[in-house]
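Shown next, in structure tokens, is the structure this report addresses.
The values are calculated or read from the model by the stated rules, or taken from the named source; none is laboratory data. This structure is a prediction, so every number in the text was calculated from the model and none was measured. A quick note on method: Cβ atoms are made from the backbone with ideal geometry, for glycine too, and the neighbour counts reach across all protein chains shown. Note: areas computed on protein heavy atoms with side chains; ligands, DNA, RNA excluded. Shrake-Rupley method; radii C 1.70, N 1.55, O 1.52, S 1.80 Å.
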Amino acid sequence: ASVAIWLAVRKPVLRLAAWRLLAGLVIIGWISVVLPTLTGLPKQGLLELHMLDVGQGDAIAIKTPNDRWVLVDAGPKTARWDAGSRVVVPFFKRRGVDAVEVAILSHGDADHLGGLAAVLANLETGMVLEPGIPLASHLYVDFLGAVDDGGTRWMPARAGDTLLVDSVRFAVLHPSAQWLSGSPGVNESSLVIHVSYRHFDLLLTGDVGWPAESTLIGSVPWVEVLKVGHHGSRGGTRNAWIEALRPAVALISVGRNNRYGHPSQDVLHRLSTAGVRVFRTDTDGAVTLRSDGRYYELVARTRTSFVERVLCQLPKLLPSSVSSSIRSVCSRKQLGTSRAYFTTSH
């Protein structure tokens, strides 16, 4: 637009107008292509999280800064569709990955466990972590058989367990042995895992709802990103939980037009009221998060104009006091790059 105004006001001859137009295009190209590469996150030393679009289920692939992979859940399996073979395994194969360090199963429900057998059959897996609650379902029995057939190390995870992969820490916050002694049910016994990398913090919550959330309030740390429990079911993500975690971003893995009504409008309203930005697979598709430990960016398929993309590069170059209003607009548009807070002060 500025180039057009310039041409109209100065009324140059045709050749000069062509040169000015070319110069304007070069400047625009530099702003939209080169500038982001100069001001964005570095290419190395990043934590990556990919919330895969597996429909009504969960599957999250996490890459450490040294290119080692951790998989948390593997999506659903039905008589007609296997998220493991159709989504999860192809995701890794496209990246030339043939092994994962750890496969974490949050709990044994089919929409989290279903695709894991295909993962174990196609990718070398160093270790499997799960709650270890015996289930009589065919899927769970087949899963244990696949673990045994592959000679994969298997461990039941409990609160207090910690796994360090490169410099990324996976700390199990739930369930405890005492919790499991009360027979609380499969969903409420999902693994709740605090993932931390330098000053960046993420909480993975499986399918827990308010019963488990309420026991963790007071012991959970503040986080930048919350993976919302149970696909945004109305039975969880209460105000007290949100206030305890103070997330800036919420991730919801959920199927389109699912019969459960997930995510609940009550949950979405609570998150919105708290100023939490929501990314969900039913509307945003697969969501990718990258962090260098100080900053993090989220990339979804949200469409934005050229002007918005240019404006949202400015907060990286300007002082925070000057760029706060621009940053706010960019956050609402979910344009990708967001400032991560130090864990001590959030």
- Query: Does a label point 7 Å from the Cα of Q265, set along Cα-to-beta-carbon, have any residues of region 228-257 with amide nitrogen under 15 Å, and which are they?
  - Reply: 234
- Task: Please identify every one of the trypsin sites (Lys or Arg not before Pro) in region 176-235 that sits in a loop by DSSP and has no more than 14 other beta carbons within 10 Å of its own beta carbon.
- Result: none
- Task: Express in nm, to one decimal, how much length is gained between A121 and V141 on full extension, taking 0.36 nm for each residue of separation and deducting their alpha carbon distance.
- Result: 5.7 nm
- Determine which residues of region 60-87 fall in the zone a paramagnetic label at R256 would reach in this model, i.e. backbone nitrogen under 18 Å from the point 7 Å along Cα→Cβ. 76, 81-83, 86-87
- Could you pull out every one of the aspartates and glutamates with an alpha carbon less than 16 Å from that of K63, ignoring same-chain neighbours closer than 8 positions? E48, D73, D98, E101, E124, D166, D201, D292, E297
- Query: Where does region 49-91 land on Rg(C-alpha)/(2.2 N^0.38 Å)?
  - Reply: 1.18
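Kindly provide the chymotrypsin sites (Phe, Trp or Tyr not before Pro) of region 64-161 that DSSP labels as loop, not H, G, I, E or B, and whose Cβ sees at most 11 other Cβ atoms within 10 Å. Could the numbers behind the result be given before it?
Details: sites: W69, W81, F91, F92, Y140, F143, W154; in loops: W81.
Of the chymotrypsin sites (Phe, Trp or Tyr not before Pro), not one in the loops of region 64-161 has a Cβ with at most 11 other Cβ atoms within 10 Å.
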- Query: So which trypsin sites (Lys or Arg not before Pro) in region 50-137 are both in a DSSP loop and have at most 11 other Cβ atoms within 10 Å of their Cβ?
  - Reply: R80
- Message: 7 Å from Cα along Cα→Cβ at both D98 and L22: what's the point-to-point distance in nm?
- Response: 5.0 nm
- Per residue, how much accessible area does region 198-241 show when a 1.4 Å probe rolls over the protein heavy atoms, in square angstrom? 32 Å²
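Determine the share of region 172-314's accessible area contributed by carbon and sulfur atoms, expressed in whole percent, with a 1.4 angstrom probe.
49 percent
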- Please list, or write none, the aspartates and glutamates whose alpha carbon is within less than 19 Å of the alpha carbon of K77, excluding same-chain residues fewer than 8 places away. D53, D58, D109, D111, E130, D142, D207, D282
- Item | Simple spin-label estimate for T288 and Q178 in nanometres, 7 Å along Cα-Cβ | 4.4 nm
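Quick one: length gained pulling D67 to E48 fully straight, 0.36 nm per residue minus the C-alpha distance?
Additional length available on full extension: 5.9 nm.
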- In terms of the Cα gyration tensor, with a ≥ b ≥ c the square roots of its eigenvalues, is region 81-207 rounded because a/c is under 1.5, prolate because a/b exceeds b/c, or oblate? oblate
